[in-house]
Amino acid sequence: MSTAIALVTVVAVSAGAIFFLAGTIGLIRFPDAPCRLHALTKADNLGLGLIVLGLLPQVGTLAEALKLVCIWLLVMFSGAIVTQLIAATSRHK
Amino acid sequence: MTIFAACAALLMGLGLFGLITNPQPLRKIVAFNILGSGVFLLFGIVARRGAAAGVGADPVPQALVITGIVVAFAATAMAVALLLRLFADRGDTRLDHESAAGTEPARDDCRPP
Amino acid sequence: MTSALAFDLALAALVLAIATLTIAAREAMSAVISFIAYGLLLSLAWVRLRAPDVALTEAAIGAGVTGLLLLGAAATIGHRQAGAAPPLALMLAAGLACALVASGLAATTLVLLPEPAPTLAPPAMASLATTGLGNPVTAVLFVYRALDTLLEKVVLVLALLGVWSLAPDRVWGGVARLGPDAPPRAMLVFLAQLLPPVGMLIAIYMFWTGADHPGGAFQGGAILAAMWLIVLTARLADMPATSHPGLRLLVLAGPMLFAAIGFAGWALADAFLAYPEGYAKPLIILAEAGLTLSIAATLACLVAGPATRTPPP
Amino acid sequence: MVDFLNAAAGMLLITTMVGLCRMLRAPTDTDRMMTAQLAGSGGVGILALLAVAGEAPPVLDVALLLALLAAFASVAFVSGASTSTSPSDRP
């Protein structure tokens, strides 16, 4: 059982790290601002989400697990709005 | 720990360099903040070296750094407010007033009554 | 152990690289944006140095509130700065001098620091039980060095006095202006409605947990200030006039409460800022509650700057 | 498991470093702000990994604060960027 849980953690955290890497490469390689923002949100939402998902089985208490989920929700909500705002700023320039 | 000690020393050197050579006052303020964070990081090394009695770092330098960060913010806010007032009165942020003598614009209400 | 070492090495390199970018940036706005990223990453370094209290303060004040202050200033004057770089000889001389200073400091920290390291951790931990607190840093701030903490609050209030005095005479006691004159974007308003309730919850948690775990009045106050500033930026509320008695009372309430507790200690426990036996923790939490609100108000007012509009009738 | 989580944190750190290259040659301030946003969420990820790897629950609080303030800095930038050309209305 513990091996299965460890496997879940390893797979999810690795996938999250790969999404972060992909987001960064997109930020460097994509030609214009909306494309780069698209890459950035993948790192924010999916990358961090997968890392949080992978970490959830490893934490000791329910409070810590809730805190992890809160962190993800916070980053996802504010990230979604902030990227909208940055996109609007870049379009007005 | 030695890595961060070297990092702190280099940050102080960088901040000092920026403080001396940057011509723009706002960038001088930013450089001053980097210089300060280097000093704080050095306190962090001292705290980490003093780890004992079951705590990861000596709490006394940590408390000093927390106080220092707040005071550094207060100084930065004061400097920025002075700079913005200078800009509002003169239209630029040059600090070398001698070279601009004679072209000084009339101040609106800073004169004593 | 080696993986941790490699991590530290990469982190230090990253912090140094961003600091170099910040110093080398030509435009003030670029320098300020790099400085914010620098502050965010520096709090990682503080976590590695086992100082989560400082990491929280650095993230909240170093990156958050200072970042907003500098961004506002850069947006106002960024493109109009006098920009003549000093002559090359001066640059070289300054670079040489700073390299000397840095290498001297590095030599001092790497070689000359005393061994074994002096530490006040054992006495601090030994008397922790008498305070009833669980977080040694809060104990240092509010018990062993309480006078310093009180004076630091006074410094904040003095800085605010200085900033407010920079208002021109005709708008004395008026309203500070924050953010653009143009109506804010709908998304910004939405964020300003969504984020502050969450932020206030986190701020209260940060203040409350500070007695026993990393956190405390500074961190909670800085978060509250940040949330207030978001609301102000989105024009959901107006900054009160600097002559508003309620605002002035809010700024002064925390330091005055703390000083009052200090004087009560004179009467009840024989020393200024001493706490009567068994009442240390409730008194400290009371003082921290007042200070959290005052710090929030003071930091927000410092960022908003001096008055720029005449006071409302 | 601890080694794996540390390695993942290191991987995220290197990713953030690569993102820094973007900042070096970013054409506009908007791009720089995107990099700062990436540094924020990368920092949150690194802190979450370190918190679980080192079993230090307070580090999660730092991650929570970072998540909150990364958004705050972007808001400040967006509201500042739209005014950057009209400084004359200060007294």
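The values are calculated or read from the model by the stated rules, or taken from the named source; none is laboratory data. Since this is a predicted model, take the numbers as computed values, not measurements. Here the Cβ positions follow ideal geometry from the backbone for every residue, glycine too, while neighbour counts run over all protein chains shown. Each accessible area value is taken on the protein alone, full model and side chains, heavy atoms only, with ligands, DNA and RNA left out. Shrake-Rupley method; radii C 1.70, N 1.55, O 1.52, S 1.80 Å.
Quick check: at a probe of 1.4 Å, how many percent of the accessible area of segment B:2-90 sits on carbon and sulfur atoms?
Values: 1770 of 2370 Å².
So the carbon and sulfur contribution to the accessible surface is 75 percent.
Using only atoms on other chains, find how many Cβ atoms lie within 10 Å of each Cβ of peptide A:40-51 and report the average.
What the average comes to for A:40-51 is 4.
Which whole-number percent of Cα pairs in the protein assembly as shown have a distance greater than 36 Å? Show your work: numbers first, answer last.
Values: 63666 of 185745 pairs.
So the pairs more than 36 Å apart make up 34 percent of the total in the protein assembly as shown.
At a 1.4 Å probe radius, carbon and sulfur cover how many percent of the accessible area of segment C:174-313?
Working: 4250 of 5900 Å².
Of all accessible area on segment C:174-313, carbon and sulfur atoms account for 72 percent.
So for C:CYS301, A:CYS70, A:CYS35, what's the accessible-area order with a 1.4 Å probe, most first?
A:CYS70, A:CYS35, C:CYS301
What number, in nm² with one decimal, is the all-direction average of the projected area of the convex hull of the alpha-carbon atoms of chain C? Intermediate results must be reported in sequence, preceding the final value.
On the way: hull surface 85.1 nm².
Value for chain C: 21.3 nm².
Hey, if you put +1 on the Cβ of every Lys and Arg and -1 on every Asp and Glu Cβ in segment C:120-313, which of C:LEU133, C:LEU195, C:LEU158 ends up farthest toward the positive end of that dipole?
Of C:LEU133, C:LEU195, C:LEU158, it is C:LEU195.
Quick one: accessible surface of B:PHE40, probe radius 1.4 Å, all protein chains present, in square angstrom to the nearest 10.
Around 40 Å² of this residue is reachable by solvent.
Report the charge-dipole magnitude of the protein assembly as shown in Debye, nearest 20, computed about the Cα centre from +1 at each Lys and Arg Cβ and -1 at each Asp and Glu Cβ.
It works out to roughly 1160 debye.
Can you work out ³J(HN,Hα) from phi for every residue in segment A:31-42, in order, using Karplus 6.51 cos²θ - 1.76 cosθ + 1.60 and θ = phi - 60°, giving whole Hz and x for Gly and Pro?
These are the phi-based 3J(HN,Hα) values: x, 10, 4, x, 4, 5, 5, 4, 5, 4, 5, 4 Hz.
Looking only at other chains, what is the average number of their beta-carbon atoms within 10 angstrom of each beta-carbon in C:235-242?
Mean number of neighbouring Cβ atoms from other chains: 0.
At a threshold of 8 angstrom on Cα-Cα distance, excluding pairs fewer than six apart, so keeping six or more, what relative contact order does segment C:120-313 reach in percent?
Contact order relative to length: 34 percent.
Leaving out ligands, DNA and RNA, calculate the buried accessible area for the pair D and A with a 1.4 Å probe, summed over both sides, in Å² to the nearest 100.
So the total buried area for this chain pair works out to about 3400 Å².
Using square roots of five times the C-alpha gyration tensor eigenvalues, list the equivalent-ellipsoid semi-axes of chain A in whole Å, biggest first.
Equivalent ellipsoid semi-axes, largest first: 30, 16, 5 Å.
Which peptide among A:12-24, C:103-115 comes first, and what is the full order, when sorted by highest mean count of other Cβ atoms within 10 Å?
Highest-to-lowest ranking by the protection proxy: A:12-24, C:103-115.
Once you place label points 7 Å from the Cα toward the Cβ at A:VAL11 and C:LEU90, how far apart are they in nm?
6.4
Could you work out, residue by residue across C:183-190, how many beta carbons of other chains sit within 10 Å of that residue's beta carbon, and then give the average as an integer?
Working: counts 0, 5, 7, 2, 10, 9, 0, 4.
Going residue by residue through C:183-190 and averaging, the value is 5.
Shape verdict for segment D:2-76, please, from the Cα gyration tensor: rounded (a/c under 1.5), prolate (a/b greater than b/c) or oblate.
Verdict is oblate for segment D:2-76.
For segment C:195-293, what is the largest minus smallest coordinate of the Cα atoms on each principal axis, given in angstrom and ordered from greatest to least?
50, 34, 13 Å, listed from the longest principal axis down.
Can you give me the accessible area per residue for the protein assembly as shown, using a 1.4 Å probe, in Å²?
With the other protein chains kept in place, the protein assembly as shown gives 39 Å² per residue.
Rounded to the nearest 0.05, what FRET efficiency do C:TRP172 and C:ASP148 give with R0 = 35 Å and r taken as the Cβ-Cβ distance? Could you check?
Between C:TRP172 and C:ASP148 the formula returns 0.60.
I'm checking a number: the convex hull volume of the Cα atoms of segment B:2-90, normalised per residue, in Å³. What is it?
Convex hull of Cα atoms, per residue: 69 Å³.
For C:VAL189 paired with C:MET125, estimate the spin-label separation in nm (one decimal), with each label point 7 Å from Cα along the Cα-to-Cβ line.
5.5
Is there a quick way to get the dipole size of segment C:120-313? I mean about its Cα centre, with the Cβ of Lys and Arg at +1 and of Asp and Glu at -1; what is the value in debye to the nearest 20?
Dipole size: approximately 560 debye.
Calculated from DSSP H runs of 4 or more alone, at -39500 (n - 2.57) each and per residue, what is the 222 nm mean residue ellipticity of chain A, nearest 500?
Value at 222 nm, helices only: -28000 deg cm²/dmol.
If we sort B:19-28, A:44-53 on the protection proxy, mean other Cβ atoms within 10 Å, highest first, what's the order?
A:44-53, B:19-28
Using DSSP to define loop residues, name the trypsin sites (Lys or Arg not before Pro) in segment D:1-61 whose beta-carbon has at most 12 other beta-carbon atoms within 10 Å.
Qualifying residues, ordered by number: D:ARG25.
Take C:THR242, C:THR310 and sort them by solvent-accessible surface of the protein heavy atoms, 1.4 Å probe, largest at the top. Mind dumping the intermediate values first?
Values: C:THR242 10, C:THR310 90 Å².
Result of the area sort, largest leading: C:THR310, C:THR242.
How large a share of the accessible area of segment D:2-76, in percent, is made up of carbon and sulfur atoms when the probe is 1.4 Å and the other protein chains stay in place?
Numbers: 1200 of 1810 Å².
Answer for segment D:2-76 is 66 percent, counting heavy atoms of protein chains only.
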